[in-house]
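These notes concern the structure reproduced below.
The values are calculated or read from the model by the stated rules, or taken from the named source; none is laboratory data. Predicted, not measured: the structure shown is a model, and the values here were computed from it. Every residue, glycine as well, gets a Cβ built from its backbone with ideal geometry; the counts of neighbours run over all protein chains shown.
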Amino acid sequence: MSEPVKAGGRRSIFSRLHLRERMRDRDQAIYGLLILGALIYPEAILFITGNPAYIGDAAHAGTWVLLAIGLNVVVGFAGLLDLGYAAFFAIGAYTYGLFASAQLGASPLQHQYHIPFWIMMFVGLIVAASFGAILGFPTLRLRGDYLAIVTLGFGEIVPQLAFNLDRWTGGINAIGGIDQPWFPAWITGPWAGANSIAVIQNSTCRVSWASGFFPCFQFSFDPVAYYVLIVILIVIAVILVSNLYRSRLGRAWMAIREDEVAAAAMGINTVTTKLLAFAIGASFSGFAGAYYGASIGLVSPDNFFFVVSITVLVMVVLGGMGNISGVIIGALAIYAVLYVVLPHLPPAVSDLASTLGLGSLNQVNGDWPGLGHLVERLNFLIYGLILVLVMLLRPQGLFPSRVREQELKHDAVQEEETAVEQAAAV
Amino acid sequence: MSDGQPAADNILELTDLTKRFGGLVAVDNVSLHIKRGEVFALIGPNGAGKTTLFNNVTGLFQPTSGRVVFDGRDITGSRPHEVARFGIARTFQNIRLFDFMTCLDNVRVGRHVRMRARLWDSLFKLPRERREEDRVTDEAMDLLRFVGIAKQANQYARNLPYGQQRRLEIARALATEPKLLLLDEPAAGFTPQEKVELMQLVKKILGRGITVFLIEHDMKVVMGISERIVVLDHGEKIAEGPPEEVRKDVRVIEAYLGKSA
């Protein structure tokens, strides 16, 4: 929204593409680097470590990226605080889990479904969006804090339901054995050469409604397959969300964020517009949920508690609210801290102590639990400190949208001015 | 006043409009009508209920009783966005721009209500949506030129000087293609030169076939451009008529200057 638009006049294709400006533009540069990184990462990590599990970690991080992109629509664009975002994630995951496993066979329904992932992905999206609309309809008339409280409640209710409706959801036992995505093998097509079909075909599949088996490519627990899938999903999500951002609807969201009364006076139906933000945000979460269920193969109520909502919110805020590329970076950064840095910190610290000749610190001694153990205990304190530090150093987030940057700068300038005035008055 | 059918040349008719806030009667049984193509002014001392009356017309408040008929249609109790769609646009007494959107985007938000792109069109940037966006951008630039701030198109509304913010608000309101434009103290805080320019702008707006209904304190502006005036005091209508008459009205003078001892 903030990029300059030249007034009037038709532009030639070349100037339309703004190639030169794009090179200089920060967001475009970030996208370029991200795509490059996404392409290089699997090869590089395999070359260095030879362990495909790291690719699986990256695919898991992708789920968080997808969640952050979705929450950014609600929080960053439309300015609605949603503290129950994990609920929609759960709804998407359970939708997939129930209809792509043996779970419903043991339920009162007495019939198990095995609907392919590619269909359930969209079903999960639609179901989550519907729940977003159902929750939003009565509550979006509320403002600010009240909306936050209601979403907070919703976020608590959904995992509790998953726990307690155990005849349907398996409760604490979770839903296991969830189907993994697969492609019919002919999807490789003739372009791959005569016998190359064997390269991608790794098993035979059967669809519930078809008789007989046919060659197919099972995702199984192959991290590379999930990695490729999530990268494609994220690219699609980014394209769609940036399209929305630069549209009539995106402007309406921002207008509501800036001044709801003026937006209404300009003919924007504030209730339906906010509802759309809510539903679209929820749909991304549902989408991510279906992917998550498929990639982990297990959906348990434990995975969708409040801390998930908060973590996604932290990703959005820390990355730079309202800016899609910033939010992606934020999600990756937080994921790296939570799942890479913090777990590796205690052994790294004890190693460091040993090499420095302070090995005695690693010994358990009375109340002293040993350095490694201590760091482990302090993990979340360290996490908190990192967050506080980042927000102190970059209050607008790592890569804020230009709008937010302006907004915060202005507030800072104003605060400074009032401070000067007060000082003068005293 | 309960005079049956609305006359066809009246664009806005208020009938016995009353707005109460608890025990306070902010607008008390006001009836007035605005003719198509005129400049109509609403004046009165501070707290007389002028802005409340505007808010009742534009749907920000629901009137306690009475009717609002716009262009032959009863719009009493309509929501603000519906009122905007019917063809009433407004500006605000204390400027309410979208501060951290560019001027161009502010005006494009105004076009929102006349745009047709659906969610689907926007998601996939269908050609129809692109064409509409291009057209709306051109129209928005035309409007910025019309009010004379085209050069500032890419600046944040927040960064404009005060006078230009007022102009931007008018451009944004015009973008909704109104038949009736409500201006809430458009000349407040203006220099004499700016006031002259504002009057010229109002004349240009009239030239587009838009009826103007304004609240204004500055008597020079009011007397200079309006054809008829209604005076409110304590929510009640105390005078109505052409500027020269109203100016001499005893009750009006009392309302503004207090009763002479």
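Scanning segment A:99-131 for residues that are under 22 Å from the mean Cα position of the chain (by Cα), within 23 Å of A:Ile296 (Cβ to Cβ) and not aromatic (Phe, Trp, Tyr) yields A:Ile119, A:Met120, A:Met121, A:Val123, A:Gly124, A:Leu125, A:Ile126, A:Val127, A:Ala128, A:Ala129. Is there a residue in segment A:283-290 that is in a helix (DSSP H, G or I), of a type in the set (S, T, N, Q) and in contact with a helix residue (DSSP H, G or I) (Cβ under 6 Å, 6 or more places away or on another chain)? Within segment A:283-290, one or more residues are in a helix (DSSP H, G or I), of a type in the set (S, T, N, Q) and in contact with a helix residue (DSSP H, G or I) (Cβ under 6 Å, 6 or more places away or on another chain).
Looking at segment A:292-300, is at least one residue away from chain B (no Cβ under 14 Å), under 29 Å from B:Leu119 (Cα atoms) and of a type in the set (A, V, I, L, M, F, W, C)? Within segment A:292-300, one or more residues are away from chain B (no Cβ under 14 Å), under 29 Å from B:Leu119 (Cα atoms) and of a type in the set (A, V, I, L, M, F, W, C). Among the residues of segment A:85-102, which ones are surrounded by fewer than 24 Cβ atoms within 10 Å (Cβ to Cβ) and not aromatic (Phe, Trp, Tyr)? If the condition is that a residue be surrounded by fewer than 24 Cβ atoms within 10 Å (Cβ to Cβ) and not aromatic (Phe, Trp, Tyr), then A:Leu98, A:Ser101, A:Ala102 are the ones that fit. Can you go through B:Leu174, B:Leu180 and tell me which one is in contact with a helix residue (DSSP H, G or I) (Cβ under 8 Å, 6 or more places away or on another chain), under 30 Å from B:Glu139 (Cβ atoms) and either surrounded by fewer than 17 Cβ atoms within 10 Å (Cβ to Cβ) or modelled with pLDDT of 90 or more (or both)? Result: B:Leu174 is the single residue among B:Leu174, B:Leu180 that is in contact with a helix residue (DSSP H, G or I) (Cβ under 8 Å, 6 or more places away or on another chain), under 30 Å from B:Glu139 (Cβ atoms) and either surrounded by fewer than 17 Cβ atoms within 10 Å (Cβ to Cβ) or modelled with pLDDT of 90 or more (or both). When A:Trp186 is tested against (1) more than 25 Å from A:Tyr292 (Cα to Cα); (2) outside any loop (DSSP other than H, G, I, E, B); (3) modelled with pLDDT of 70 or more, exactly one condition is not met: (3). Taking segment A:249-282 as the range and being in a helix (DSSP H, G or I), touching a helix residue (DSSP H, G or I) at 6+ places or on another chain (Cβ under 6 Å), within 11 Å of chain B (Cβ to nearest Cβ) and not small (Gly, Ala, Ser) as the test, the residues that pass are A:Leu249, A:Arg251, A:Trp253, A:Ile256, A:Glu260, A:Thr270, A:Thr273, A:Ile280. The residues in segment B:70-94 that are part of a strand (DSSP E or B) and either among the polar types (S, T, N, Q) or more than 16 Å from the chain's Cα centre (by Cα) (or both) can be counted, and the count is 2.
Within segment B:122-133, restricting attention to residues that are within 9 Å of chain A (Cβ to nearest Cβ) and part of a helix (DSSP H, G or I), the residue that is farthest from B:Met199 (Cα to Cα) is B:Leu123. The C-beta contact set for segment A:104-132 (first residue outside any strand (DSSP E or B), second residue hydrophobic (A, V, I, L, M, F, W, C) and surrounded by fewer than 16 Cβ atoms within 10 Å (Cβ to Cβ), distance under 6 angstrom, 6+ apart or interchain) comprises A:Gln112/A:Ala102. Within segment A:320-357, the set of residues being touching a residue at least 12 places away in the same chain (Cβ under 8 Å) and of a type in the set (Gly, Ala, Ser) comprises A:Gly320, A:Gly322, A:Ser325, A:Gly326, A:Gly330, A:Ala331, A:Ala333, A:Ala336, A:Ser350, A:Ala353. All conditions in (1) within 14 Å of another protein chain (Cβ to nearest Cβ); (2) free of Cβ contacts under 8 Å to residues at least 60 places away in the same chain; (3) of a type outside the set (Lys, Arg); (4) in contact with an Asp or Glu (Cβ under 7 Å, 6 or more places away or on another chain) hold for B:Ser65, with the sole exception of (1). Screening B:Ala89 on (1) closer than 26 Å to B:Lys220 by Cα; (2) more than 9 Å from every other protein chain (Cβ to nearest Cβ); (3) crowded, with 23+ Cβ neighbours inside 10 Å; (4) in contact with a helix residue (DSSP H, G or I) (Cβ under 7 Å, 6 or more places away or on another chain) shows it passes everything except condition (2). Residues considered: A:Gly70, A:Gly56, A:Gly79, A:Gly62. Of these, the only one that is part of a loop (DSSP other than H, G, I, E, B) and touching a residue at least 40 places away in the same chain (Cβ under 8 Å) is A:Gly79. Can we say B:Arg228 is of a type in the set (D, E, K, R), closer than 21 Å to B:Leu160 by Cβ and surrounded by 13 or more Cβ atoms within 10 Å (Cβ to Cβ)? The answer is no for B:Arg228.
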